[in-house]
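The structure under discussion appears below in the form of structure tokens.
The values are calculated or read from the model by the stated rules, or taken from the named source; none is laboratory data. Computed from a predicted structure; not experimentally measured. Calculation scope for accessible area: heavy atoms of the full protein, side chains included, ligands and nucleic acids excluded. Shrake-Rupley method; radii C 1.70, N 1.55, O 1.52, S 1.80 Å.
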Amino acid sequence: MNTILRKSVLGIAGLAFTGGVFAGPVAAHAADTTASVKPVSVAVQGDKLIPHGVQGEQSRIELNDEQTKNVKAIIAATKKAGMDERAAVVSIATALQESKLENLGHLGDRNDHDSQGLFQQRPSSGWGTVEQITDPEYSTTAFLKGLKQVDGWQDMPLTKAAQTVQVSAYPDHYAQWEQQAADLVAQHWNS
């Protein structure tokens, strides 16, 4: 879908949503309904952050200083690699799923094989040494190198792009972090 058409569709959807918000309370008094209605949240953040809209239920966690520092490191590595905001969203969503943005060392019996770092990359799978994959810049650069090799990653759902690089046992779990990742990129890209 081209940009002009997408913006037109989003504009019409926004008008319909706004009309529903303003008409909703009036209509609610006109009819007695027992159906439970969940609040609707609409966030349009541009084609680069969420080009196709988020998929499925979204998760969100509060970040501490270390996690925020790791977000900024991922964004810096993305810029250094010459990639755009969408690449940062995919990277941050992946790190949210894999480690909750914590630079994890070896977790003993709780560890998935020898996975470590923000992206839970494995030295035995060729991602790098333990020292490398626990360095946020290196691990992000390694992830982005894999992402660049995925044909059309910019136009595919986030979870498919992340899964193609990560080869996770839980391929659909990346999607739940897309909104928070987009919010974090919007907040920190220019800071």
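Scan region 167-179 and tell me whether some residue there is within 20 Å of G82 (Cα to Cα) and at pLDDT 95 or above. No, the conditions are met nowhere in region 167-179. All of Q67, Q120, Q132, Q149 fail the test of being open to solvent by 20 Å² or more (accessible area, probe 1.4 Å) and either within 17 Å of the chain's Cα centre (by Cα) or at positive phi (or both), apart from Q120.
Considering only residues in region 77-92 that are closer than 21 Å to E178 by Cα and either of a type in the set (D, E, K, R) or modelled with pLDDT under 95 (or both), the one that is nearest to the chain's Cα centre (by Cα) turns out to be R86.
Here is a yes/no grid of residues against (1) modelled with pLDDT of 95 or more; (2) among the aliphatic types (A, V, I, L, M):
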{"position": "T94", "(1), (2)": "yes, no"}
{"position": "L101", "(1), (2)": "yes, yes"}
{"position": "D109", "(1), (2)": "no, no"}
{"position": "G126", "(1), (2)": "no, no"}
{"position": "T140", "(1), (2)": "yes, no"}
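Of the listed requirements (1) open to solvent by less than 40 Å² (accessible area, probe 1.4 Å); (2) within 22 Å of V185 (Cα to Cα); (3) not in a helix (DSSP H, G or I), E102 misses just one: (1).
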